[in-house]
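**Q** Dumping the structure here so I can ask a few things about it.
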Amino acid sequence: MKGVQMVDLKFQDTPGVIASYILDTGDGLAVVDTGPTSTLPALTAGLEARGAGLSDVRHLLLTHIHFDHAGAAGTILSRVPEARAYVHERGAKHLASPERLVASATQIYGDAMNRLWGEMLPIPAERMTVLAGGETLQIGDVTVDALYTPGHAVHHLAYHVGPDLFVGDVGGVRLDTRQTPRAPTPPPDIDLEVWKDSVAALRKRDAHTLHVAHFGSYAQDAAHWDGLLEKMDLDAGRIHAGMDAGQDIEAISEAYTRVLMQELLAEGEDLPARYDFACPPWMSVQGLMRYWQKKAVRTP
Ligand SMILES: [Zn+2]
C-alpha cells in the first residue's frame, strides 16, 4: 500500500462525511481515526479493497476520543490482539472506561445512539500508548510527530508524517475544495483562543497535505487556515450576538442554522445535507454558547 489512503466510512450511508486514513508503516498498517463502530464494516471493506484486512492493522492513531473518530478503536483492538491505540493523556482514561462518554452522548442522542455510533468498547491500559504531544514516534519505517492541538477538544492531537499532516477536527470541517473550512464546535471543550494557537502551530509545519476527518485531503495553504479562522470568528460572533440580544438557545440555533445553510448552499448544492451529518449546527451552537459563558465567568 503506497502513501496515504483515504477510506470513506459512508456514515449513515452518506458518502463524504467521515474519513479514515491508512498508511503502511512497514510494521503493519496505521489507521488515523477509526470512525465509530457503526461504520467498521466500511473501514474493513476499504482495507479489503486495498488488498489488506483488519488483521493487518497494528496502530490506531487517534486524534481525539469523540465517537466519530475513536468509537471503533476498542472493537478493533478486541479483534486484533497485536494492535494498539495512541491517544492523548487527557483522553486515555475515557477510552479505558468509556461509561461517562457513553452516558453523556446518550443524553444527547437518546434512542439514536446505537444506530449512529454503535458500541464503544473499553481499551485496556496496556493496549494504549499515552501521549502528551511533542513526541516523535518511530513506527516501523515511519516517523510520526504527535502534536498537541487543543481547541476542539482538550485532548486533541494532530499527527505529522513526512508530507502529510493529519489534523482531525482542529483543521475544521471541509467537505469539498469549494467549501471554506468551518470550526466544528460541539460541547464541552471549545476554546477558540487555544484553537487559534493550534492553528498557528499547524500552519508552520512543513507539510504539503492536510487530511481532515470531515472530509478529505487538501493542500496545506494559507487559504485553508485563513478561511477557517475567518469563519470561526464569524460563527462565534453570531452566537455571541444572539446571546447579547437575550435570545434563547432555540432562537439562536434556528437563526444560526438558517444562515449557515444558506452560506454552504452558495458554495455547493450538496454541502448543507452532508454538513448536517458531519457537524450538526445545533451542536456547534451549544458548544459556542458554553464557550462564551465560560469566558464571561473568567473575564467578568
Ligand atoms: Zn469529528
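The values are calculated or read from the model by the stated rules, or taken from the named source; none is laboratory data. What you see is a predicted model; the values in this text were computed from it and never measured. Using ideal geometry, Cβ is built from the backbone for each residue, glycine included, and neighbour counts are taken over all protein chains shown.
**Q** Taking ALA112 as the residue in question, decide whether it is in the same structural domain as ARG205 (by TED's automatic domain parsing), away from the ligand (no atom under 16 Å from the Cβ) and out of contact with any Asp or Glu (no Cβ under 6 Å at 6 or more places or on another chain).
**A** yes
**Q** Would you say ARG100 is under 20 Å from VAL154 (Cα atoms), assigned by TED's automatic domain parsing to the domain that holds TYR159, free of Cβ contacts under 8 Å to residues at least 12 places away in the same chain and in a helix (DSSP H, G or I)?
**A** Yes, satisfied.
**Q** Select, from TYR86, TYR21, the only residue that is in a strand (DSSP E or B), within 16 Å of the ligand (Cβ to nearest atom) and either among the small types (Gly, Ala, Ser) or touching a residue at least 24 places away in the same chain (Cβ under 8 Å) (or both).
**A** Only one candidate qualifies: TYR21.
**Q** Six or more apart or on different chains, Cβ atoms under 8 Å: show the pairs whose first residue is in the range 187-207 and farther than 17 Å from GLY133 by Cβ and whose second is surrounded by 14 or more Cβ atoms within 10 Å (Cβ to Cβ) and hydrophobic (A, V, I, L, M, F, W, C).
**A** PRO187/MET283; ILE190/LEU288; LEU192/ALA183; LEU192/MET232; LEU192/ALA236
**Q** Check every one of the helices (runs of 4 or more DSSP H) wholly within the range 188-300 and list those with 1 or more residues that are among the charged types (D, E, K, R) and buried (at least 21 other Cβ atoms within 10 Å of the Cβ).
**A** Answer list for the range 188-300: 222-244, 271-278.
**Q** Being part of a loop (DSSP other than H, G, I, E, B) and surrounded by fewer than 16 Cβ atoms within 10 Å (Cβ to Cβ) is true for just one of GLY3, GLY35. Which residue is that? Spell out how you get there, then give the answer.
**A** On the way: GLY35 fails: surrounded by fewer than 16 Cβ atoms within 10 Å (Cβ to Cβ).
None of the others qualify; the one that does is GLY3.
**Q** Against the condition surrounded by fewer than 18 Cβ atoms within 10 Å (Cβ to Cβ), closer than 27 Å to MET1 by Cα and in the same structural domain as VAL32 (by TED's automatic domain parsing), how does GLY162 come out, does it pass? Talk me through it step by step, then tell me what you get.
**A** Details: surrounded by fewer than 18 Cβ atoms within 10 Å (Cβ to Cβ): yes; closer than 27 Å to MET1 by Cα: yes; in the same structural domain as VAL32 (by TED's automatic domain parsing): yes.
Spelling it out, GLY162 is indeed surrounded by fewer than 18 Cβ atoms within 10 Å (Cβ to Cβ), closer than 27 Å to MET1 by Cα and in the same structural domain as VAL32 (by TED's automatic domain parsing).
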